[in-house]
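Written below as structure tokens is the structure these notes are about.
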Amino acid sequence: MKIEEKFKELKSRGEGAYMPHIYYGDPSPEFSRREVETLAENGADFIEFGIPFSDSIADGKTFQEACQRALKNGVTPEDCIRGIGKLRQNGLSIPVIVTSYYNILYAYGVEDFLERLNEAGAQGIIVPDIPLEEVSSLAKKGRKKDLSIILQATPNTSENRLRKIINTTSGFLYIVNFEGVTGTRRSIPNSTIDMINKVKNLSPMPLMAGFGVSTKNHAKSLVSAGVDGVITGSALRKIYGKDLNNPKEKMSDIAEFARQIKKGCEEGYEKRTL
């Protein structure tokens, strides 16, 4: 299913979207695949599928540790691509958005990498460290491979720069909920609300908010404020990180977490449309 089709489906049902982020291979590829399937079975509408990288500068400590564990296990970008393919073979139907730092694309060969993602069954890619000034070439190549190139904007993004981002991104715009790196927070700042309103005045493009989302109330607040969905990451890592020797024992907790976040997305949408 294409990204745009999923948003239309959710809008028709009156629901906000939920996209959990996983780093493939942490603590093992087998666990990651089961985690993705569990998330999809319990409310996830998209999957953000992270490719582990040694210098994940946009990530906080929790994600960096996840990357290091996966890399220590020998997980490669090719393993990740095959992992997406296995998930599709096992029946995963929701859109998959890959996150990868640009060094991986460059080393692999950008067009070859995008083509492999498309063949495996991905619908989009987020490259957090590519400068906006250099992203037009990537966006053009993404269109050729039927992949959305999804960009991020922060509360500090100027209106002029924001207009450029909106004109380049496809699928949806990723709103960075907090300045800095990923990690759980306690509340939603006013700067995020202001950012949502600014983007809404400029474009009808779907908005997804991430960084710091870790509770049902976070999801409810953001969706009621106008975003079309939320993204979680570090909070999931903390759940199974409590027992890395036997992480599958935490799968029921992961399922419950997903259900609660999705419920927040649903309740937030109901509040927004009253």
Residue separation times 0.36 nm, minus the C-alpha to C-alpha distance between Asn90 and Gln68: what's the value? 5.2 nm
Reported to the nearest 10 Å², Val75 has, with a 1.4 Å probe, an accessible area equal to 10
Counting only pairs 8 or more residues apart or on different chains, how many lysine pairs in the range 219-274 have their Cα atoms under 19 Å apart? 10
Can you tell me the length gained on complete extension of the stretch Arg34 to Arg163, counting 0.36 nm per residue apart and subtracting the Cα distance? 42.5 nm
Rounded to two decimals, what is Rg over Rh for the range 26-174 when you use alpha-carbon atoms and the Kirkwood radius? 0.95
Calculated FRET efficiency, Asn118 and Lys238, Cβ-Cβ r, R0 45 Å, to nearest 0.05? 0.85
Can you quote the Å³ per residue value for the convex hull of the Cα atoms in the range 3-273, rounded to an integer? 112
For Lys11 and Met205 in one chain, what is 0.36 nm times their gap in residues minus the Cα-Cα distance, to one decimal in nm? 68.5 nm
Taking the solvent-accessible surface of protein heavy atoms with a 1.4 Å probe, what is the per residue accessible area of the chain in Å²? 43
Rounded to the nearest 20 debye, dipole of the chain from Cβ charges on Lys, Arg, Asp, Glu: 500
The lysines whose Cα lies under 30 Å from the Cα of Lys141, excluding any fewer than 8 residues away in the same chain, are Lys2, Lys6, Lys8, Lys11, Lys86, Lys164, Lys198, Lys200
Value at 222 nm in deg cm²/dmol, rounded to 500, when DSSP H runs of n ≥ 4 in the chain each add -39,500 (n - 2.57): -15500 deg cm²/dmol
Describe numerically, in nm with one decimal, the distance between label points set 7 Å from Cα along Cα→Cβ at Glu111 and at Lys198. 3.7
Ignoring any ligand, DNA or RNA, what whole percent of the accessible area of the chain comes from carbon and sulfur when the probe is 1.4 angstrom? 44
For the chain, what is the relative contact order in percent, using Cα pairs closer than 8 Å and at least 6 residues apart in sequence? 22
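The values are calculated or read from the model by the stated rules, or taken from the named source; none is laboratory data. Not measured: the values here are computed from a predicted model. Backbone-built Cβ (ideal geometry, glycine too); neighbour counts: all protein chains shown. Surface areas here come from the heavy atoms of the whole protein model, side chains and all, with no ligands, DNA or RNA. Shrake-Rupley method; radii C 1.70, N 1.55, O 1.52, S 1.80 Å.
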